[in-house]
Amino acid sequence: MELGFAALSVFVVGLMGAGHCLGMCGGIVGALSMAAASSRERWQRLFLYNIGRLFSYSLLGAAVGLTGYVFAQFLGPWLRVLAGILLILMGLYLANWWRALVWLEKGGAYLWRFLQPLGRKLLPLNAAWQALPLGMLWGFLPCGLVYTALAFAASQGDGISGALVMFAFGLGTLPAIIVSGALSVQLQRLLANSSLRTVMALLLIAFGVWTSLVALSHASHGNHSAASPASFSASPQQHPHH
């Protein structure tokens, strides 16, 4: 999957997953904002928190990108199909039609059990700089949206591209996270609108179907290419005459 397409894809996924982002990080972001002594400190905390979060996303992207290089040797385009399927499941999850991704988040919860106590030690924040390590920890929060983006990162097959894809995903989630810090009540009301959530869910599902179909088309093309003769001699093999 081309880097530019994958980065744009997960950026859009981050934007459309605003409701999920708010549900996962809205509480901690609201706490960061309300505890700030001034407007300037609130924005400092939000900035540092998100820098830490994007750093962790990029680190995870680099790790799965390197891992994806190994799997790509065997799976090839099927990694992209997986990314598309996860995107469809994410849409179903956001619309509350089928919460199959819950099992994936439960799997990540095992790691979160070790990290969550570290985050609690940073609360309440006595200084703005503490928002940075808190954001780094929150980047590992079990989240189906993050895991969907990681599937795109893994399909890149190298660490740098994987990190860039996850950084793009993080940028896509920024509007929801930043606005939730300043207008949390208003944003919650907006995203609670079932019609809006349904539209965003349908867009994610359509995006996932399209991603999977494109990947399957590439896989089919690759199989036909592999099945065709590689090369032949310009002239038939000569046999000695007796």
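The values are calculated or read from the model by the stated rules, or taken from the named source; none is laboratory data. No experiment lies behind these values; they were computed from the predicted model shown. Because the Cβ atoms are built from the backbone with ideal geometry, glycine has one as well, and the counts that use them run over all protein chains shown. These accessible areas exclude ligands, DNA and RNA; they are computed on the full protein's heavy atoms, side chains included. Shrake-Rupley method; radii C 1.70, N 1.55, O 1.52, S 1.80 Å.
Within the range 117-128, restricting attention to residues that are touching a residue at least 12 places away in the same chain (Cβ under 8 Å) and outside any loop (DSSP other than H, G, I, E, B), which residue is farthest from I177 (Cα to Cα)? Talk me through it step by step, then tell me what you get.
The first filter runs over the range 117-128 and keeps only residues touching a residue at least 12 places away in the same chain (Cβ under 8 Å), leaving 118-119, 122-125, 128.
Cutting the leftovers down to outside any loop (DSSP other than H, G, I, E, B) gives us 118-119, 128.
Values: L118: 22, G119: 18, A128: 17 Å.
Among those that are touching a residue at least 12 places away in the same chain (Cβ under 8 Å) and outside any loop (DSSP other than H, G, I, E, B), it is L118.
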Which numbered condition A131 misses (of (1) modelled with pLDDT of 90 or more; (2) more than 20 Å from the chain's Cα centre (by Cα); (3) not in a helix (DSSP H, G or I)):
(3)
What single numbered condition from (1) of a type outside the set (K, R); (2) buried (at least 23 other Cβ atoms within 10 Å of the Cβ); (3) at pLDDT 85 or above fails to hold for L32?
(3)
Residues within the range 150-175 that are open to solvent by 30 Å² or more (accessible area, probe 1.4 Å) and in a helix (DSSP H, G or I), tallied
6
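Quick check on M90: is it open to solvent by 30 Å² or more (accessible area, probe 1.4 Å), in contact (Cβ under 8 Å) with a residue 24 or more places away in the chain and not in a loop (DSSP other than H, G, I, E, B)?
no
Anything in the range 134-149 that is out of contact with any Leu (no Cβ under 6 Å at 6 or more places or on another chain) and assigned to a helix (DSSP H, G or I)? List them, or say none. Talk me through it step by step, then tell me what you get.
Let us first name the residues in the range 134-149 that are out of contact with any Leu (no Cβ under 6 Å at 6 or more places or on another chain), namely 135-136, 138-139, 141-143, 145-146, 149.
Those that are out of contact with any Leu (no Cβ under 6 Å at 6 or more places or on another chain) and assigned to a helix (DSSP H, G or I): G135, M136, W138, L145, V146, A149.
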Could you run through the range 54-80 and say how many residues are of a type outside the set (A, V, I, L, M), open to solvent by less than 80 Å² (accessible area, probe 1.4 Å), part of a helix (DSSP H, G or I) and at pLDDT below 80?
0
Output yes when any residue across the range 43-52 is within 30 Å of P77 (Cβ to Cβ), surrounded by 21 or more Cβ atoms within 10 Å (Cβ to Cβ) and not aliphatic (A, V, I, L, M), and no when none is.
no
Among residues of the range 190-217 being part of a helix (DSSP H, G or I) and at pLDDT below 75, the residue farthest from F11 (Cα to Cα) is S194
I need the full set of residues from the range 97-137 which are within 22 Å of A37 (Cβ to Cβ) and either surrounded by 18 or more Cβ atoms within 10 Å (Cβ to Cβ) or of a type in the set (A, V, I, L, M) (or both), in order please.
G119, L122, L123, L125, A127, A128, Q130, A131, L132, L134, G135
